[in-house]
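Student: Let me begin by handing over the structure; questions about it come next.
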Amino acid sequence: MSCAPGAGSDLRRPKGQLRWVLRLNLQELTGALAMKFAVEEINNSSALLPRTRLGYEIYDSCGTSKVVLQGAVKFLSEGNSSELHVLCNYTSYKTRVTAVIGPSTSELVNPTGKLLSFFHLPQISFEASDENFSDKAKFRSFLRTVPSDTTLAHGITRLLKEFQWNWVAVVGSSDKYGEQGILQFANQASQNGICIAYQGYIPENPNNSAFNGSLQEIILEIQKSNVNVTILISSIYETQLFLSSVIKSKLKMVWVASPSWSLSQTIQQLPGIQDIGTIIGFAVRSKRLQGFEDYVRNILSLIQEERDVLQKSTTPSEDIVQKYFYQIQDLQTRCKECGLLSPTNITKILDPIGENLAYRVYLAVYCIGQALHHLIHGPDMNCSDDASNLLPWQLLDEIKSQSFRLNDDTFNFDSNGNLNIGYDIVTWRNYGKRMFVTVGDFQKKLTLRRLMIDWYTTKIPRSTCSRECAQGQIKITKGFHSCCFDCMTCPEGTFVNSSECSSCPVGEWSKPGSKTCQPPTFYYLTWGDSYVIAILIAMVVVMLLIFAVIVLLIKHLHTPVVSASGHLMSIIGLLGLICMCLSVFFYIGEPTQWMCLLQQPFLSMSFTILLGPILVKSIKLVFPSPPSRTYLHWVLNQGRWTIILSSFLGQVLFCAMYIKASQSFAMKVAAMDVDSLDIYLSCKYEPLLQFGLMFAYNGLLVLLSFICSFMAETPINRYNSARDITFAMLALILAWIIFIPTYVSTAAAYKSLIQIIFILSSCLGILATLFFPKCYIVIFKKELNCNEYFGICDEGDQSEKEM
């Protein structure tokens, strides 16, 4: 189709010529009528192009490049000639027409667009959406009133992301429309994390014996891919064949329709189409043309009247016979669709697709008309130029640079020749009959009214290869599709960094599945903790028992039982127990530098104070009566304090070595290996060598005391002091045997509690085995509190002979 300013003209056929038509394309007819309607409307308007009339010529392209190029060459001829002159400079060359509207398909736009662009002749297509035409180096004069395939791909991608569908199939027709549409969508899908599970093309030749088998193969592949959404970018005819097979296969899912068939009543009326699922389509945004239906109805009425006259006329005039009779008769034989040209079939011509196309043609004519108006009449409505001298490139520049208004909408072409017209999002709804319902729109951004969509399931269908990973999980891709993956939770000590788990920085930690790391929270035993209060109560009870024993021993200081226990040395041992109980305070509260330096040395020396007198007593039991005036006699009598002092000083030496070698507590905390968000803060027992020497020294004292008491002879009918020491040392050894593995295997939060329990249990064990039996005799068995029972001689200083 072409549109040019100048004298009005009608669509005429030369005498004696007949165009052989095999089928009638109702959409192309609707487009031709829309252009004719728009031209006549402008010519009858006093506001747009006054004193100027538009003419037009309409050519049938027959769907082939050869025929369409013949018409294009005529458009480029100068004046009324049919010749195209070869010139060195076409700047002032005036073509036969000033603008071209059409053709409708990308296959026909490709040759004509390059040819017309050489002459800068404006060409506006109302149907060609191929993205290649946006290349202004090749198609500098091409414009269109339909969005490009890239815009459609953007819209479909946004729709899929709106419903979080990333696992889809795409099927297209085997023509340029389907191929380019799928190519543009595939590019957008890959950039937006959408995976195409299957991509197929509907075969071209439906008469081929393998055609139905090919359709079934496509359907089978879609079923095998486990998708719930399929994008169908295809022309109406191929879509009808494909969906007919879908209906037979009972395949049900969400179908995303391209603009070519989203408003098709032909497909809408297929039997069983309501059983294939939910259809959501993209339709080029349009409005109903006021008066166009009446205009078409009037033309169809004229055609019907002319047909009736010819059919009823038994003796048609020579002029009618020459002009119409034989042509109409032959057309009716060869073109079955031509019988649809009657007012009763107007709904087949002006179906939703036809009305949508008519609006785009109407819009193209008005863009040209308003551009001509600006060039010819100017903004002050005064004629500033002669229409006959108007050159194509002048009109092209005007169309590209101006905005146009139509029915309260403003339109303009971008630098690629694309009009700012978007899509309506439609769905097919069934209220007694299938109908189209607009549920949103897309132009740069998507607007959607979800509640208006009727899903084939009870809720929005899912179409994903894998479930979405939760926060704190990363995707482990399976196979070749990025949408198919396993979800792995990042372990503790790592955080989600893009698509991988990264280790936390030094000094920080994280829980499993964290997005960030954070410094740990330190906690420790506090005075208000319930179990600390319970321990303090237990410690007070033990200390009260110790004080009670001290008071009892002092009260009966000169009795045989106390003399046998060593008098003052037994009191020193009890003071060692008190110091052990007091060491509990070093484990409660926030650790500090001084607390950590004194914690273990204080406990070690408390043990030594307790064990020194016990060791002396144990040696005395092994050698009860050493010869007088011998070194052993002196050691076990006058020199016993030397043993106690020496053992204590030895422990002081080891404790000093430990304190000197210890690192500051702040440095230990700074160098701490963080392996949890909640870290129990306690003193670090380093260096291990000096720490081990302190407690190994006490262990040696315990072992010597145990060996000596074990080697002592068992007295007959007398109190067995060696038994008490043996059981006391066994109690300590048993406590240590239980404590060490328990402490190692216990969580950090409970290590201090284990140590406190060990200390208190050791104190209680010593009391129970070493002092309680003697207290029992003092209180309940006073008759046994005599020298004979404890083996004390009358002569001599008893303090020198017994401890």
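Student: Carbon and sulfur together cover what percent of the accessible area of the range 457-556 at a 1.4 Å probe radius? The partial results should precede the final answer.
Tutor: Values: 3760 of 6200 Å².
Carbon-and-sulfur percentage of accessible area, whole number: 61.
Student: To continue, here is another question. Compute the acute angle (0 to 90°) between the alpha-carbon long axis of helix 106-118 and the principal axis of greatest extent of the alpha-carbon atoms of the chain; round to the nearest 10°.
Tutor: The angle comes out near 70 degrees.
Student: Could you list which residues have their amide H under 5 Å from that of Phe411, counting only those 5 or more apart in sequence or on another chain, with H placed in the peptide plane?
Tutor: Residues meeting the criterion, in which the H sits 1.01 Å from N, are Phe404, Arg405, Leu406.
Student: Among Lys668, Lys348, what's the order by accessible area (1.4 angstrom probe), most exposed first?
Tutor: Details: Lys668 25, Lys348 110 Å².
In descending accessible area the options line up as Lys348, Lys668.
Student: Given axes a ≥ b ≥ c from the Cα gyration tensor, I'd like to know whether the range 33-110 is rounded (a/c under 1.5), prolate (a/b larger than b/c) or oblate.
Tutor: oblate
Student: Here is a further query. Please compare each pair in Lys161/Lys250; Lys224/Lys287; Lys478/Lys515 to a cut-off of 30 Å on the Cα-Cα distance and tell me which ones are over it.
Tutor: In this structure, Lys224/Lys287 exceed 30 Å between Cα atoms.
Student: When we measure straight from the Cα of Lys555, which lysines land under 30 angstrom away, once same-chain ones fewer than 8 places off are left out?
Tutor: Lys617, Lys620, Lys774, Lys781, Lys782, Lys801
Student: Oh, and also: What percentage of the solvent-accessible surface of the range 180-263, computed with a 1.4 Å probe over protein heavy atoms, is contributed by carbon and sulfur atoms?
Tutor: 44
Student: Read phi for every residue in the range 589-599 and hand back ³J(HN,Hα) as whole Hz from Karplus 6.51 cos²θ - 1.76 cosθ + 1.60, θ = phi - 60°, with x for Gly and Pro.
Tutor: x, 5, x, 10, 4, 5, 4, 6, 5, 9, 4
Student: Rank these by accessible area, largest first, 1.4 Å probe: Thr266, Thr278.
Tutor: Ranked from most to least accessible, the order is Thr266, Thr278.
Student: If packing is taken as the mean number of other Cβ atoms within 10 Å per residue, what is the order of 440-450, 202-212, 555-565, highest first?
Tutor: 555-565, 440-450, 202-212
Student: I would also like to ask the following. Before anything else, pin down the relative contact order of the chain: Cα pairs under 8 Å, at least 6 apart, normalised by residue count, whole percent.
Tutor: So the answer I get is 11 percent.
Student: Determine the per residue accessible area of the range 712-788 with all protein chains present and a 1.4 angstrom probe, expressed in square angstrom. Provide the component values of the computation, followed by the final result.
Tutor: Details: 4000 Å² over 77 residues.
Accessible area per residue, the range 712-788: 52 Å².
Student: Ok, one more. Taking a ≥ b ≥ c as the square roots of the Cα gyration tensor eigenvalues, with a/c under 1.5 meaning rounded and otherwise prolate when a/b beats b/c, else oblate, which class fits the range 190-276?
Tutor: Numbers: a/c = 1.44, a/b = 1.21, b/c = 1.19.
Because its axes are fairly even, with a/c under 1.5, the range 190-276 counts as rounded.
Student: Round to the nearest 10 and give me the degree value, 0 to 90, for the angle of helix 392-401's Cα axis relative to the longest principal axis of the chain.
Tutor: On a 0 to 90 degree scale, this one is about 30.
Student: Let me ask another. With a probe of 1.4 Å, find how much accessible area the range 140-202 has per residue, and write the answer as a whole number in Å².
Tutor: That works out to 30 Å² per residue.
Student: What residues qualify as long-range amide H neighbours of Gly422, i.e. H under 5 Å apart, gap of 5 or more or another chain, H built at 1.01 Å from N?
Tutor: Here Arg285 satisfy the definition.
Student: Among all the lysines, which ones have a C-alpha under 18 Å from Lys348's C-alpha, if same-chain residues fewer than 8 places away are not counted?
Tutor: Lys336, Lys433
Student: Amide H of Leu143 versus every other amide H placed in the peptide plane: which residues, excluding those fewer than 5 positions away on the same chain, fall under 5 Å?
Tutor: Long-range HN contacts for Leu143: Gln123, Ile124, Ser125.
Student: Also: From the phi angles alone, apply the Karplus equation (6.51, -1.76, 1.60; θ = phi - 60°) to the range 457-463 and give each ³J(HN,Hα) in whole Hz, x where the residue is Gly or Pro.
Tutor: 10, 6, 9, 4, x, 9, 9
Student: What is the angle, in °, between the Cα long axis of helix 568-582 and the longest principal axis of the Cα atoms in the chain? Nearest 10 is fine, range 0 to 90.
Tutor: Orientation of helix 568-582: about 10 degrees from the principal axis.
Student: At 222 nm, what value in deg cm²/dmol follows for the chain if DSSP H runs of at least 4 each add -39500 (n - 2.57) and the sum is divided by all its residues, to the nearest 500?
Tutor: Working: 26 runs with 370 residues, N = 803.
Mean residue ellipticity at 222 nm (helix-derived): -15000 deg cm²/dmol.
Student: How compact is the chain by the rule of thumb for globular proteins, expressed as Cα Rg over 2.2 N^0.38 Å?
Tutor: That works out to 1.88 for the chain.
Student: In whole Å, largest first, what are the principal axis extents of the Cα atoms in the range 411-521?
Tutor: 65, 44, 34
The values are calculated or read from the model by the stated rules, or taken from the named source; none is laboratory data. All values derive from a computational prediction rather than experimental measurement. FYI the Cβ positions are ideal-geometry reconstructions off the backbone, even for glycines, and counts take in every protein chain you see. For the accessible areas, the whole protein counts, side chains as well, though only heavy atoms, and no ligand, DNA or RNA atoms are used. Shrake-Rupley method; radii C 1.70, N 1.55, O 1.52, S 1.80 Å.
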